[in-house]
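Have a look at the structure below, then the notes.
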Amino acid sequence: MPNSLAVIGAGGISRFHFLAFEQTHTPVRVVSDIDEAKARPYVDKFGAVWERDYRAAVARRDVNAVIVLTPSSLHYEVCKAALDAGKHVVCEKTLTLSPQQSLELGRLAEKKGLVFFTSYMKRFFPAVQKAKELMPRLGHIMSVYCRTYQGLGGANAHTGEVPAGFRPGPDGVIPIVRLAGGGVLICGGSHICDLLLFLVGKPERVQGRMFTRPGITDIDLMTHAMFDLPGGGVAHFEANWHPLRRIGYEKRGWDEGFEISGVNGRIILKTPVWDQPEHNAPVLEYYDNETGAWTSFTFDVVNPFVEAEKHFLAQIEKGEQGTRQDRFTGYRADLLLEMIKQSAQKDRTLKIEWEA
């Protein structure tokens, strides 16, 4: 069935998704946002209509798929309404603010035979796909170092002034919490958790640490975790909103990637600034211990948002989930995030109980 979309949410992240719809010539029938001014440019470009209430958009008979781009706190209710209406769904990350809600949505989509994706787009970098292909060559995984250092333009939130978006507003709510549901663990660490799951697999236990500024902000500015991997390996995780302006391979303050060491070799992966992927492709290097050779791979520059949407839309048109991402991708990332948080709060190692 040819795709015909309802897009729920027209905030900042939506521009990447609408670019994909434009490049794939996918019809957008309706754009829903409580702020008509945000929706209007896309309504006009795609010849769509605007709806204030997402329920009206989801209920339209000329729509077969719903793209959910709202703040994370609304993901559960919008996704559930879309699935209940028999629509395929693509939802921005994080899927929900609760692993149990995310699990419920995955099971509902599975029961109804609907395609259901969480838009963890970094999986769709060609460099990440190549890294996944190389993983079996590493043999037993001894250690993983994975991090996302996300610059604040030189602002030092750790010991200096905390940006306004990280402090409670007049209503007592921290703006970044209203938008994304948390601090750097949720905003940046979610992608790292997803890539850890994609490349390495499900950890068995976790010990977490979270750094906040009590009395100034309750959100985490830095989070560390150590995961026990099956077979005795360990993964070291860090997410950090930092003041260092020129770190990272692009020297732009963004330092994100993986170093994965197995008994037979090593993979080093570095990814570019999340919202400006048009500048550089990721860096991927592979060391083969048998030959002693390092291989550096080169890739075309692509927009992972577009690549992900192309895949999602192709699978929706076929009515098939496919094998590259199942319905529980969002749940697994959400569970890791929740377990890191719980471990930090309880100050002890926790076993991770996977339900899917």
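The values are calculated or read from the model by the stated rules, or taken from the named source; none is laboratory data. Please read these numbers as outputs of a predicted model, since none were measured by experiment. Note that each Cβ is placed from the backbone with ideal geometry, even for glycine, and that neighbours are counted across all protein chains shown. The accessibility values were calculated without ligands, DNA or RNA, using every heavy atom of the protein model including side chains. Shrake-Rupley method; radii C 1.70, N 1.55, O 1.52, S 1.80 Å.
Picking from residues in segment 148-185 that are β-branched (Val, Ile, Thr) and either without any contact (Cβ under 8 Å) to a residue 40 or more places away in the chain or closer than 20 Å to residue 353 by Cα (or both), the one that is surrounded by the most Cβ atoms within 10 Å (Cβ to Cβ) is 173. Does residue 315 count as in a loop (DSSP other than H, G, I, E, B), surrounded by 15 or more Cβ atoms within 10 Å (Cβ to Cβ) and modelled with pLDDT of 95 or more? Considered against the rule, which asks whether it is in a loop (DSSP other than H, G, I, E, B), surrounded by 15 or more Cβ atoms within 10 Å (Cβ to Cβ) and modelled with pLDDT of 95 or more, residue 315 comes out as no.
Evaluating residue 306 against the criteria (1) aliphatic (A, V, I, L, M); (2) crowded, with 22+ Cβ neighbours inside 10 Å; (3) touching a helix residue (DSSP H, G or I) at 6+ places or on another chain (Cβ under 7 Å); (4) over 22 Å from residue 147 (Cβ atoms) leaves one unmet condition, (2).
The single condition among (1) touching a helix residue (DSSP H, G or I) at 6+ places or on another chain (Cβ under 9 Å); (2) surrounded by fewer than 23 Cβ atoms within 10 Å (Cβ to Cβ); (3) acidic (Asp, Glu) that residue 110 does not satisfy is (1). Scanning segment 256-289 for residues that are among the β-branched types (Val, Ile, Thr), crowded, with 19+ Cβ neighbours inside 10 Å and closer than 25 Å to residue 19 by Cβ turns up just one, 271.
For residue 121, are the conditions met, namely being under 30 Å from residue 296 (Cα atoms), open to solvent by 10 Å² or more (accessible area, probe 1.4 Å) and aliphatic (A, V, I, L, M)? No, not satisfied.
Take the residues of segment 92-107 that are open to solvent by 40 Å² or more (accessible area, probe 1.4 Å) and outside any loop (DSSP other than H, G, I, E, B): which is nearest to residue 261 (Cα to Cα)? So the residue we want is 100. Determine if segment 283-299 includes at least one residue that is over 30 Å from residue 263 (Cβ atoms) and of a type in the set (A, V, I, L, M, F, W, C). Scanning segment 283-299 turns up no residue that is over 30 Å from residue 263 (Cβ atoms) and of a type in the set (A, V, I, L, M, F, W, C). Exactly one of (1) in contact with a Leu (Cβ under 9 Å, 6 or more places away or on another chain); (2) free of Cβ contacts under 8 Å to residues at least 24 places away in the same chain is unmet by residue 50. Its number? Of everything listed in (1) in contact with a Leu (Cβ under 9 Å, 6 or more places away or on another chain); (2) free of Cβ contacts under 8 Å to residues at least 24 places away in the same chain, residue 50 misses just condition (1).
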